[in-house]
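Asks: Encoded as structure tokens, here's the structure I'll be asking about.
The values are calculated or read from the model by the stated rules, or taken from the named source; none is laboratory data. Nothing here was measured: the structure is a model prediction, and the numbers come from that model. Note that each Cβ is placed from the backbone with ideal geometry, even for glycine, and that neighbours are counted across all protein chains shown. We work out accessible area using only protein heavy atoms, side chains counted, and drop any ligands, DNA or RNA first. Shrake-Rupley method; radii C 1.70, N 1.55, O 1.52, S 1.80 Å.
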Amino acid sequence: MTNRLSRLRVVTRNLSPVEAELLIVGDAAYLTPETELVGRFTGPTCAYATTVEVAYPLRRLPQPVPDLPLARRVVIPEPSLWDPISPFLYHSTIELWQGGDMHQRLQSRHGLRTIALRPDGLRWNGKRLKLRVAPGPEIDADGLPALRAQGFNALIADWPDPALLAAAERVGFLLLARPAGPDVDEEADSPSLLAWLLPESWREDEAGWCAWVGRQRRLVGAAVDGRPLPAGVSFVLGDHDQPVPRLLPDGDGEMGRIG
């Protein structure tokens, strides 16, 4: 019987100038002692720099976790981080093997970064970043290089749009993404995906969207319309579509972090 991965997650466990440690967790249709997850990350690549690509293999965890039999780790020394100026990407090839046969191969792109929204603005990889949001509702993948040349580094876009997302990752654009509905994949990830933005129609299913917001680890924003917003909304769009923290939190003032 053919085996398949029902879910594959890549989680950044540690990110520093010295090394990046990624946790790769797979959920297979069935597990036996012969079920194996293998593969590698290669990179970095960058549209604006000459790089030397290196392969980083998946390795077993130093200490097995019984609840995560298909968990592996990748360690990348001196990682190159993704940002709008230098969008360094790593590419993964992950294979599911069963009884000596490969049953599935998945390929994806990854960018290493940290994001924090503080009262004084957006921090990307620890540095302050000002968004320049491109105007216009009809922006496609082919138009991103010209917009970047004009100084823009972000756009508001409907989600999902695979072609636009791939171009944004490569060119160095951030997305404020409007999900089509509150059933969007909550584990969706991309170095370009800065935050979710509630669609204008979200009040038509207010209960569903409020529940969705409450489950998010990622930053969620909304436009101001004079009515109450869900408690989990961490920013509103201010002048020139800048993300403005909605509430001043306790402690060091950090609104949220992804990475």
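Asks: Taking interchain pairs and intrachain pairs at least six residues apart, which have beta carbon atoms under 9 angstrom, with the first residue in the range 168-188 and surrounded by fewer than 17 Cβ atoms within 10 Å (Cβ to Cβ) and the second among the acidic types (Asp, Glu)?
Replies: Ala180/Asp158; Gly181/Asp205
Asks: Among the strands (runs of 3 or more DSSP E) contained in the range 96-150, which hold 2 or more residues that are open to solvent by 60 Å² or more (accessible area, probe 1.4 Å) and of a type in the set (D, E, K, R)?
Replies: 101-110, 127-129
Asks: Any residue in the range 224-234 that is in contact (Cβ under 8 Å) with a residue 60 or more places away in the chain, assigned to a loop (DSSP other than H, G, I, E, B) and over 16 Å from the mean Cα position of the chain (by Cα)?
Replies: yes
Asks: Another question, if that's okay. How many residues, within the range 188-206, are within 21 Å of Val11 (Cβ to Cβ) and either in a strand (DSSP E or B) or out of contact with any strand residue (DSSP E or B) (no Cβ under 6 Å at 6 or more places or on another chain) (or both)?
Replies: So the count comes out to 7.
Asks: Same structure again: Got a number for residues in the range 164-187 being touching a strand residue (DSSP E or B) at 6+ places or on another chain (Cβ under 8 Å) and among the acidic types (Asp, Glu)?
Replies: 2
Asks: Conditions first: (1) outside any strand (DSSP E or B); (2) within 21 Å of Asp83 (Cα to Cα); (3) within 15 Å of the chain's Cα centre (by Cα). Leu175 passes all but one, so which condition is the exception?
Replies: With respect to (1) outside any strand (DSSP E or B); (2) within 21 Å of Asp83 (Cα to Cα); (3) within 15 Å of the chain's Cα centre (by Cα), Leu175 is out only on (1).
Asks: How do the pairs read when you match residues in the range 78-93 that are within 18 Å of Glu19 (Cα to Cα) and of a type in the set (D, E, K, R) with residues anywhere that are open to solvent by less than 20 Å² (accessible area, probe 1.4 Å) and in a loop (DSSP other than H, G, I, E, B), using Cβ under 9 Å and keeping only pairs 6 or more apart or on different chains?
Replies: Asp83/Gly111; Asp83/Arg113; Asp83/Gly172; Asp83/Pro191
Asks: For the range 84-103, indicate whether the set of residues that are within 22 Å of the chain's Cα centre (by Cα), closer than 30 Å to Leu31 by Cα and of a type in the set (A, V, I, L, M, F, W, C) is non-empty.
Replies: Yes, the range 84-103 contains at least one residue that is within 22 Å of the chain's Cα centre (by Cα), closer than 30 Å to Leu31 by Cα and of a type in the set (A, V, I, L, M, F, W, C).
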